[in-house]
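Here is the structure we will look at, set down as structure tokens.
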Amino acid sequence: MVHDNLSEDNVKLKFAKQSYVLHITKLLTLLQPNKIVPCDLENIDEKINNNKQIFSDEVADDDTVATGITSNPSSFSSVESMDELCKLSDESFDASKFELHSILGMGSFGTVFLAEYKHTYVSSRECSVTKSVSRQYAVKSVPKHKMNDSELTDLMNEKQILSSMVNPFLLRFYGSCQTNDELYFVTEPVECGELFHAIYDGLSHADCVFYSACILLGIDFIHSKKVVFRDLKPENIMIGKNGYPKIIDFGLAKQLPYTKLSKDNIVRKYTKCHTLCGTPEYISPEMLVKKEYDYAVDLWAFGVLIYEMIFMQTPFVNNTDSSDFTTMFSNILQSAKQGILISKKMDKKTDGTPNARNFVTQLLSGNEKARLGNAGSPRGLLQYPYFLSVSGCENELYSQTYTPPSFREVFVGRDMDARKQVKRYSGDQARFRDFDMFLVPRDTVS
């Protein structure tokens, strides 16, 4: 029961905090923190640990959340070329043919490996001559014994969303297969670490604009597929060997519209999301107070991300205590009500103009309907002055011929000795009969 003397803002803040605390322990999808941020912008060498934890309010009435492992693949390049024109003869992945080389990440729902797979091709120059060609992949392994029916449904939904996400700024999904005990998600390997590492190594204004433009085009494609991403952050953006960013991890993505059996046992169609989920630092105010929401939450997170690229810190965190969610949530709600006031220091850190400050301010509008980019497609934002340095270069960005920033490569692989023993699955294998999928292009040209 809420006391009458509590203000409306305090009620909202108390609700948000209680909702978070209630579910955070059960619903964390990563076992280990993966973020360090500076606690003082004037002394960035002194850093404190900050767990960027994703969470989900699973008890929401009208919205289900995909439960995916979020360990980030980072690896060597896949073998994309051969000596001659060949046609792939494989029609599915055989899990036993994957050679696992190293561990790229470990999460509560499974492990990500750098793996090699030998495909069988038929040469077009030498009829009926078959050849084995190795390709490298990132393989997410999920133990079957951990998957209840609800989690399996969520994983299948994630797989379905991933299968439609073919875009140069998104992680490429190549298929899925299984062993008696594990489910495999097969994706491209992304070689050079998280955007997070690039941010905290320091980015120039041109670097920020480049990464922002690529990420924006990725968001535009996701939204064009009627999907809300819901967990945009530097840890979910990997940098490929060519220097271009890719958005990864669709574990919290939601397809709109969706249908669900309502409390009155009627199948209803919903065009908005209702679940409180994501990473606290990037959560929009409408999600925080559990209003219905849609694509605009990704635009809010995009604004937070640009701010972080510039200042090496997210805008609403308590500088002296990164685990102070009360202050963080209060700052988000206050900015939604009164508007965010960004320091003019942003002008000095960018191009000397208020372009970046004005752009981020409009992305962080507390009114989601008025939020910049919500009225049209996100790619239209490339016309704003903030993107002046890449103006007219959209085709070059898509073809990835635009020169990317230099960066420090970060490989996060671990020795296979750290692999945990997989528990034997003795349940009903029929539950997984629709899991396998194969999306590797059938023709390969050198």
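Couple of notes before you dig in:
- The ranking of 252, 88, 152 by Cβ neighbour count inside 10 Å, starting from the fewest, reads 88, 152, 252.
- The label-point distance for residue 421 and residue 226, in a model that sets each label 7 Å from Cα toward Cβ, rounds to 4.8 nm.
- Taking amide H positions as modeled 1.01 Å from N, with prolines and chain starts lacking one, the residues under 5 Å from residue 182 and 5 or more places away or on another chain are 144.
- GluC sites (Glu not before Pro) within region 99-166: DSSP coil, no more than 11 neighbouring Cβ in 10 Å: 126
- Pair residue 118, residue 401: separation of 7 Å Cα→Cβ label points (nm): 3.9 nm
- Among the listed pairs 260/291; 291/337; 225/246; 146/420; 260/423, those beyond 23 Å (Cα-Cα): 260/423
- Loop trypsin sites (Lys or Arg not before Pro), region 207-275, which have at most 11 other Cβ atoms in a 10 Å radius of their Cβ (DSSP): 263
- Of the trypsin sites (Lys or Arg not before Pro) found in region 323-417, those in coil by DSSP whose Cβ has at most 16 other Cβ atoms within 10 Å are 344, 369, 408.
- In region 185-270, Cα pairs under 8 Å separated by at least six residues give a relative contact order of 31 percent.
- Protection proxy ranking for 131-142, 389-400, using the average of other Cβ atoms within 10 Å per residue and placing the highest first: 131-142, 389-400.
- In sequence order, calculated HN-Hα J values of region 140-148 (Karplus, 6.51, -1.76, 1.60; Hz; x Gly/Pro): 8, 9, 10, x, 5, 5, 8, 9, 7
- Placed amide H near residue 174: partners under 5 Å, 5+ positions off or other chain: 186, 187, 188
- Legend: P(r) of region 202-314 from all alpha carbon pair distances, 5 Å bins from 0, whole percents, reading 2, 11, 20, 23, 17, 12, 7, 4, 2, 1, 0.
- A simple spin-label model places the labels of residue 101 and residue 334 5.0 nm from each other, with each point 7 Å out along Cα-to-Cβ.
Readers should treat all values here as calculations from the given coordinates under stated rules, not as data from a laboratory. Since the structure is predicted, the reported quantities are computational estimates derived from the model, not experimental observations. Glycine gets a Cβ as well: all are built from the backbone with ideal geometry, and neighbour counts include every protein chain shown.
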